[in-house]
Amino acid sequence: MKIIAGNWKMNGSRSALAEMQGALDGIKTENRVILCVPFTMISGNSGPAAIGAQDVSMHSHGAFTGEVSAEMLRDAGAKYVIVGHSERRMYHGETNEIVRNKAEMALSAGITPIICVGETMEEKDAGKTLEIIESGVRESVPSDGGDVIVAYEPRWAIGAGITPTDDDIAAAHTLIAETLEKMGRGGAPILYGASVKGANAAQIMSIPHVDGVLVGGASLKSDDFIPIIMATK
Ligand code: 13P
């Protein structure tokens, strides 16, 4: 069983989500399928894919105009929430500490956080990939609370049509697994994300410690997403 999560980013509509759920109804899979969609599409949705959000406030309630709390996400029916996606880190200045606070809020509402870590091109070129990944996990993953999922997303490969080598993905995921083990979170699923498509999904999910994938662009259309789900049983 693998976890196949889609991140719709700021795309889609309620009718596109209903259409996707309808298409997913037509396939048979043991894999856990999750769709992380914009806030407006969460409530009232149903179908084979569990629904997740893409961000959550680090505050529980109050005067935070424009923010959405973990309790509100739970109330709307979200089971998962992506925290610390590189686009949030890049455009909204989210640090590991903020990401951990958000993950803690999700856990307190019974929502599973999908916590993203990954290096920029500059960090990769400076030979800092493993250092950034390890500190990302240590500082962003809450030490206790319910289940978490970690996603390794090399930032330079997102939407770029390129991926790290299998060996580099294996090294990153092994380090994440070891770090989680040391934190008392051994066995938490670790997803790979960045330029996953039908053509590379099976190979990527055969790499040790890759428990599934977090898919951006190729999760928007069922013709692209279903082959990823069916790439592994
Ligand atoms: P792409 O699959 O479009 O590269 O996006 C990856 C991503 O950011 C998923 O969260």
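The values are calculated or read from the model by the stated rules, or taken from the named source; none is laboratory data. Computed from a predicted structure; not experimentally measured. Reconstructed Cβ throughout: ideal geometry from the backbone, glycine too, with neighbour counts over all protein chains shown. Side chains are part of the model used for accessible areas, which takes the heavy atoms of the whole protein and leaves out ligands, DNA and RNA. Shrake-Rupley method; radii C 1.70, N 1.55, O 1.52, S 1.80 Å.
So, of the residues in the stretch 219-233 that are farther than 17 Å from I158 by Cα and in contact with a strand residue (DSSP E or B) (Cβ under 9 Å, 6 or more places away or on another chain), which turns out to be surrounded by the fewest Cβ atoms within 10 Å (Cβ to Cβ)? Give the steps one after another, and end with the answer.
Pass one, the stretch 219-233, residues farther than 17 Å from I158 by Cα: 221-223, 226-227, 229-233.
Then drop every residue that is not in contact with a strand residue (DSSP E or B) (Cβ under 9 Å, 6 or more places away or on another chain), which leaves 229, 231-232.
Details: I229: 25, A231: 22, T232: 20.
Among residues in the stretch 219-233 that are farther than 17 Å from I158 by Cα and in contact with a strand residue (DSSP E or B) (Cβ under 9 Å, 6 or more places away or on another chain), the one surrounded by the fewest Cβ atoms within 10 Å (Cβ to Cβ) is T232.
If I ask for residues that are buried (at least 21 other Cβ atoms within 10 Å of the Cβ) and either outside any helix (DSSP H, G or I) or in contact with a strand residue (DSSP E or B) (Cβ under 7 Å, 6 or more places away or on another chain) (or both), which ones from the stretch 98-107 would you list?
V99, K102, A103, A106 - these are the residues of the stretch 98-107 that are buried (at least 21 other Cβ atoms within 10 Å of the Cβ) and either outside any helix (DSSP H, G or I) or in contact with a strand residue (DSSP E or B) (Cβ under 7 Å, 6 or more places away or on another chain) (or both).
Of everything in the stretch 177-201, what is more than 16 Å from the ligand (Cβ to nearest atom) and not acidic (D, E)? Give them in sequence order.
From the stretch 177-201, those more than 16 Å from the ligand (Cβ to nearest atom) are 177-188; that's our starting set.
Selection gives A177, T179, L180, K182, M183, G184, R185, G186, G187, A188.
Quick one: which strands (runs of 3 or more DSSP E) sit completely within the stretch 120-233 and have at least 3 residues that are in contact with an Asp or Glu (Cβ under 8 Å, 6 or more places away or on another chain)? Don't jump to the end; show me each part of the working.
On the way: elements: 149-152, 190-193, 212-215.
Where strands (runs of 3 or more DSSP E) fall fully within the stretch 120-233 and carry at least 3 residues being in contact with an Asp or Glu (Cβ under 8 Å, 6 or more places away or on another chain), they are 190-193.
Across the stretch 208-218, which residue is nearest to the ligand (Cβ to nearest atom) among those that are open to solvent by 10 Å² or more (accessible area, probe 1.4 Å) and under 15 Å from T165 (Cα atoms)?
Restricting attention to the stretch 208-218, the residues satisfying the condition of being open to solvent by 10 Å² or more (accessible area, probe 1.4 Å) are 208-209, 211, 216-218.
Those still in the list that are under 15 Å from T165 (Cα atoms) too: 208-209.
Working: P208: 21, H209: 18 Å.
For the stretch 208-218, the residue satisfying everything is H209.
Name the residue, out of T29, T40, T95, that is closer than 22 Å to V117 by Cα, away from the ligand (no atom under 16 Å from the Cβ) and surrounded by fewer than 20 Cβ atoms within 10 Å (Cβ to Cβ).
Working: T29 fails: closer than 22 Å to V117 by Cα; T40 fails: closer than 22 Å to V117 by Cα.
Unique residue meeting the criteria: T95.
Select, from I169, I149, the only residue that is over 30 Å from S13 (Cβ atoms), open to solvent by less than 40 Å² (accessible area, probe 1.4 Å), aliphatic (A, V, I, L, M) and within 16 Å of the ligand (Cβ to nearest atom). Outline the logic, then answer.
Values: I149 fails: over 30 Å from S13 (Cβ atoms).
None of the others qualify; the one that does is I169.
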